[in-house]
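Please read the structure below before turning to the comments.
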Amino acid sequence: MESPSSLACWSGCFREPADAAEAGLSLVVQPAAAPDEATLRLAHDVVNGFHGFVDQALEYCRTRLREPRFGLTAEEQVWLDHPELSLGVPEAIVWADRTWAIRFAESRLRLADPYGVLVTFDGTGPVEVEGLDDEDDADADLDLGDPADRE
């Protein structure tokens, strides 16, 4: 896919199991190069366990987004209690440093406007959540590609 010359990005979609909704995966390498075997293995593992990871990320958001630092309104706090959490269109992003995240591209939450919510994983468990609301178009692409910007 088109990306700044300092990074290489591959993007694709998968449907697993066959009756599941289509999901996306992006593989980002900076500086631009072919992904190594370990990174490809991680991408494979993320795809194979994707729907379970999405469930973990949703439950993690349900808990963490209640923290005052996220500034959710009273109405948004109520949405966290609904069986269907207001986070949708999940996609996986795997970086060459073997970190990865799930980005929920759609949400009614203000902190998700306009780029969604990013849940970062360490191995098989979520470790951080952030709203992608205060970035301009150019910065959003770099933040998803540069692991140092996610800390």
With the checklist (1) under 24 Å from VAL29 (Cβ atoms); (2) over 11 Å from the mean Cα position of the chain (by Cα) in hand, flag the one item PRO68 doesn't pass. (1)
Among (1) open to solvent by 70 Å² or more (accessible area, probe 1.4 Å); (2) modelled with pLDDT under 95; (3) of a type outside the set (S, T, N, Q); (4) assigned to a strand (DSSP E or B), VAL127 falls short only on (2)
When you look at TYR115, is it under 21 Å from PRO126 (Cβ atoms), of a type in the set (Ser, Thr, Tyr), at pLDDT 85 or above and touching a helix residue (DSSP H, G or I) at 6+ places or on another chain (Cβ under 9 Å), yes or no? yes
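The values are calculated or read from the model by the stated rules, or taken from the named source; none is laboratory data. The structure presented is a predicted model; accordingly, all values stated were derived computationally and were not measured. Here the Cβ is made from the backbone with ideal geometry for all residues, glycine too, and neighbour counts use every protein chain on show. Only protein heavy atoms, including side chains, enter the accessible area calculation; ligands, DNA and RNA are left aside. Shrake-Rupley method; radii C 1.70, N 1.55, O 1.52, S 1.80 Å.
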